[in-house]
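The values are calculated or read from the model by the stated rules, or taken from the named source; none is laboratory data. Everything numeric in this text was worked out from a predicted model, so none of it was measured. Cβ placement follows ideal geometry from the backbone for every residue including glycine, while neighbour counts extend to all protein chains displayed. The accessibility values were calculated without ligands, DNA or RNA, using every heavy atom of the protein model including side chains. Shrake-Rupley method; radii C 1.70, N 1.55, O 1.52, S 1.80 Å.
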Amino acid sequence: MNIIISKVELRRIVKNARNDGKTIGFVPTMGFLHDGHLSLIQRARKENDIVVTSIFVNPTQFDPNEDLDTYPRDMESDCELMASAGVDIAFFPTAESIYPHGYATYVQVEGNMTQVLCGRSRPTHFKGVTTVVTKLFHMVFPNLAYFGQKDAQQVAVLKQMVGDLDFDVKIVVCPIVREGDGLAMSSRNSYLTPEQRTQAPVLHRSLCKAKEMIANGERSAAIIKQNIEKKIDAIGSAAIDYVAVVNAHTLETMESLKGEILIAVAAKFGDTRLIDNIQIEV
Ligand code: PAF
């Protein structure tokens, strides 16, 4: 595995590879890799000649009161995991190379899609994501880019951006990877106390119950929402940020369920904010 810090060096290698007819699969991450990231890398490994994974804790997607400074980092373990999963190039750009002095350009998907769900409590988050992903796409020059369904809103926003701005890259969405008790894998799970860790799977359980209700014929978004809220509230110590039932592509709210729907939840366990979701075709 080739570890690269310089964007100039990276661009030289990937451009040569593309000129030789090789395909590039790209897995952008913020590091502290877990099985969820590895599932993206494994899929990229199967579908491409060259796999590039980036590790960059992107400051612009953290709101000022968020966990940028304490975000978990473990470069040594990340390198071992990437090498054993078959990554060809591990790209570790520096903050100075991504946002040099005088940096002033941002990419933003306007409107509802970035204002609802996580956008309500994280108003600058998606602008940071679309900006850094745009920059990384320009550096890595991928044919395919892999993202996890766990960040369903991120996926919808990035698909919108790629379509609107005619990026020549296909977004590949991979299923959520879960712990044995259903908790969606996330680097932020490492913040949970043992007690919070036993409570957190309530998010997944409440989504499974919603799925069951829909399979049994429930079509009211309000009833599904209430049921999820009741289940999470019953835990006592989880503070719900949102429970939303929306169109999976546009993220518009719906009253009566039809088509591809996304049921998404966010809740805080102590200071740790976790998200989860389920996508259902009705
Ligand atoms: O999903 C993430 O880890 C980040 O939002 C991403 C896509 C790497 C951009 O910083």
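Quick look at the numbers
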{"read-out": "Near pairs, Cβ below 6 angstrom, 6+ apart or cross-chain, from the range 52-68 (touching a residue at least 24 places away in the same chain (Cβ under 8 Å)) to any residue that is away from the ligand (no atom under 12 Å from the Cβ) and in a loop (DSSP other than H, G, I, E, B)", "value": "T53/V87; I55/F92; D63/T124"}
{"read-out": "Tabulated pairs, the range 148-168, first touching a residue at least 12 places away in the same chain (Cβ under 8 Å) and charged (D, E, K, R), second buried (at least 18 other Cβ atoms within 10 Å of the Cβ) and part of a helix (DSSP H, G or I), C-beta under 7 angstrom, 6+ apart or interchain", "value": "K150/G36"}
{"read-out": "Set V132, V107, V140: member being touching a residue at least 40 places away in the same chain (Cβ under 8 Å) and within 10 Å of the ligand (Cβ to nearest atom)", "value": "V132"}
{"read-out": "Any chance N189 is open to solvent by 20 Å² or more (accessible area, probe 1.4 Å) and either closer than 18 Å to T272 by Cβ or in a strand (DSSP E or B) (or both)", "value": "yes"}
{"read-out": "Count - residues of the range 18-33 that are touching a residue at least 24 places away in the same chain (Cβ under 8 Å) and in a loop (DSSP other than H, G, I, E, B)", "value": "6"}
{"read-out": "Condition met for E9 (assigned to a helix (DSSP H, G or I), more than 16 Å from the ligand (Cβ to nearest atom) and of a type outside the set (A, V, I, L, M, F, W, C))", "value": "yes"}
{"read-out": "Verdict on A44 being touching a residue at least 24 places away in the same chain (Cβ under 8 Å), among the small types (G, A, S) and open to solvent by less than 10 Å² (accessible area, probe 1.4 Å)", "value": "yes"}
{"read-out": "Top-ranked residue of the range 105-119 - restricted to ones that are within 17 Å of the chain's Cα centre (by Cα) and in a helix (DSSP H, G or I), ranked as nearest to T253 (Cα to Cα)", "value": "M113"}
{"read-out": "Scope the range 222-240; condition open to solvent by 60 Å² or more (accessible area, probe 1.4 Å) and in contact with a Phe, Trp or Tyr (Cβ under 6 Å, 6 or more places away or on another chain); matching residues", "value": "none"}
{"read-out": "Matching residues, the range 213-254, being in contact (Cβ under 8 Å) with a residue 40 or more places away in the chain, touching a Leu at 6+ places or on another chain (Cβ under 8 Å) and in a strand (DSSP E or B)", "value": "Y242, A244, V246"}
{"read-out": "Residue check for V173: closer than 22 Å to T53 by Cβ and in a loop (DSSP other than H, G, I, E, B)", "value": "no"}
{"read-out": "Members of the range 28-65 found to be within 13 Å of the ligand (Cβ to nearest atom), over 17 Å from P175 (Cβ atoms) and in contact with a His (Cβ under 7 Å, 6 or more places away or on another chain), listed by number", "value": "Q61"}
{"read-out": "Given (1) part of a loop (DSSP other than H, G, I, E, B); (2) within 18 Å of G36 (Cβ to Cβ); (3) not polar (S, T, N, Q), index of the condition I278 fails", "value": "(1)"}
{"read-out": "Verdict on G102 being part of a loop (DSSP other than H, G, I, E, B), more than 16 Å from the chain's Cα centre (by Cα) and over 30 Å from K15 (Cα atoms)", "value": "no"}
{"read-out": "Among the candidates D69, D151, D88, residue that is farther than 30 Å from I263 by Cβ, surrounded by 18 or more Cβ atoms within 10 Å (Cβ to Cβ) and out of contact with any helix residue (DSSP H, G or I) (no Cβ under 6 Å at 6 or more places or on another chain)", "value": "D88"}
{"read-out": "Any hit, the range 241-253, residues being surrounded by 16 or more Cβ atoms within 10 Å (Cβ to Cβ), more than 24 Å from V51 (Cα to Cα), in contact with a strand residue (DSSP E or B) (Cβ under 8 Å, 6 or more places away or on another chain) and hydroxyl-bearing (S, T, Y)", "value": "yes"}
